[in-house]
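First the structure, in the form of structure tokens, and then the observations on it.
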Amino acid sequence: MARITVTQLKHASLDKKWRAAWILDPSVPVPIARAPKNSIRVNSLLFHRLVDRFSNWLTAEPNLWSAAKLSSYEDVWDAFWNNFAKKELLGLLEQQGPQSADHLTKALKNWSQELVTKRSVTAPFKNWRSLILTSEYQFDDVPVTTARGIIHVAGRPDCVVLETGGPVVVDYKLSRGANLKTDLLQAAEAARANF
């Protein structure tokens, strides 16, 4: 049975040399992407960790009633900031300086705004579980039919949300276009996975 991760699929699609090596030996590691010199650190791991923690808090049984009251951007950001982001962002400001802290703050604020926007079109909204189905959920062995047969895909999408047309796989990007090709490909893969 053929098996590929989302990360491997991304590299196989964009890097012919790596794909040829992987076909011969599926244990070939995926190359590690390096950020360009003098670029602002985007702290995507910290972003994902904070979003995951806040999403889990919004959907946790003990918080459902109180979290459901968070309906405006200001309410959501205030809860996110005070309970999860403040300490981390102030530490980031001290360690990496204002540019990195500002970039991550803007990314978290944008995520909060998008969450409120999605909430406003989710009908009926009872609590955040009406919108957020999973956060950082590992999936394995999802069968995808190809011209050469079935291949099983594994990955870890950032989030699965419920929209009007059904579940949507979401993958957050903070790279400021530095990895535009891979970001677009990963978005296309996530769109394909919306079954």
If you check LYS126 against the conditions, is it at pLDDT 80 or above, surrounded by 12 or more Cβ atoms within 10 Å (Cβ to Cβ) and more than 12 Å from the chain's Cα centre (by Cα)?
no
Could you grab me the full set of residues in the stretch 55-109 that are among the small types (Gly, Ala, Ser) and more than 24 Å from ASN43 (Cα to Cα)?
ALA60, SER66, ALA67, ALA68, SER71, SER72
Could you tell me whether any residue of the stretch 90-102 is part of a strand (DSSP E or B) and over 17 Å from ARG53 (Cα atoms)?
no
When (1) under 27 Å from VAL42 (Cα atoms); (2) in contact (Cβ under 8 Å) with a residue 60 or more places away in the chain; (3) not hydroxyl-bearing (Ser, Thr, Tyr) are applied to VAL116, the one that fails is (2)
From the option list LEU115, LEU89, single residue qualifying as surrounded by 14 or more Cβ atoms within 10 Å (Cβ to Cβ) and modelled with pLDDT under 95 is LEU115
Report whether or not ASN63 is in a helix (DSSP H, G or I) and in contact (Cβ under 8 Å) with a residue 60 or more places away in the chain.
no
Checking the conditions here, which among PHE139, PHE84, PHE80 is among the aromatic types (Phe, Trp, Tyr) and touching a Pro at 6+ places or on another chain (Cβ under 9 Å)?
PHE139
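The values are calculated or read from the model by the stated rules, or taken from the named source; none is laboratory data. Note that the structure is predicted; figures quoted are calculated from it, not measured. No Cβ is skipped: glycine too gets one built from the backbone with ideal geometry, and neighbour counts run over all protein chains shown.
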